[in-house]
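Here is the structure we will look at.
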Amino acid sequence: MAHSIADQVAGYPLAAYNFRVTVSDVAMGFAEVSGLAREFETLTYRHGLSFTEGEEIVRFRLDKYVPLTLKRGVVKGLPQLREWLESGDKRPISVSLCDESGDPVVTWRVQKAVPTKLESPALQASAGDAAVESLTLMASGITIETH
């Protein structure tokens, strides 16, 4: 039996290229976002009966800072990333995965993001690639919101 168009759209995975990045309420265009993960600090605890019962793993309540990488093409007259790196401010970021109409379906919200490295593009005279710079952040407080 054939499924309706709405059923097919609901059951089909979203395209990974349709996303929106907002840094401190300013929408910015990026070609790639990687490293969105939520991780907790852990500790392995061994006690007197660990040889029979095994080790215990304790998870701390606080999030661990994880590296987040944002990549975008170098454009004349857009110094926001370099200014942010120099200031070192902690800023909130949201990354939204959007459907075909541009409405967000899933949003990853980062409470605190601190820039730690801005990597310049590889410059090569024999290549015809676009110049893409990479900004590495340390991010904490990542939450996932579905719309």
HN-Hα couplings for the stretch 101-109 via Karplus (6.51, -1.76, 1.60; θ = phi - 60°), in whole Hz with x for Gly/Pro, come out as 8, x, 7, x, 10, 10, 10, 9, 10
Computed from the beta carbon distance with a Förster radius of 35 Å, FRET efficiency for Ala122 and Asp7 to the nearest 0.05 stands at 0.15
If R0 = 30 Å, then Arg20 and Val58, at their Cβ-Cβ distance, give a FRET efficiency to the nearest 0.05 of 0.20
Computed for the stretch 48-110: size of charge dipole around the Cα centre, +1 on C-beta of each Lys and Arg, -1 on C-beta of each Asp and Glu, debye to nearest 20, value 420 debye
Cβ-Cβ cut-off under 10 Å around Ile144, Lys and Arg +1, Asp and Glu -1: the net charge is +1
In deg cm²/dmol, rounded to the nearest 500, the helical mean residue ellipticity at 222 nm of the chain, built from -39500 (n - 2.57) for every DSSP H run of length 4 or more, is -3000 deg cm²/dmol
Read-out Cα Rg over 2.2 N^0.38 Å, candidates (i) 1.39; (ii) 1.08; (iii) 0.94; calculated match is (i)
Across Ala127, Ala27, Ala113, the residue with the highest GNM fluctuation in the chain (Cα network, 10 Å cutoff) is Ala127
Per the 1/(1 + (r/R0)^6) rule, R0 = 25 Å and r from the Cβ atoms of Ser87 and Ala37, FRET efficiency to 0.05 is 0.50
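The numbers here are math on the coordinates, done by the rules we state, and not lab data. Worth saying up front: this structure is predicted, and the values here are computed from it rather than measured. As a convention, Cβ positions derive from the backbone with ideal geometry for all residues, glycine included, and neighbour counts pool all protein chains shown.
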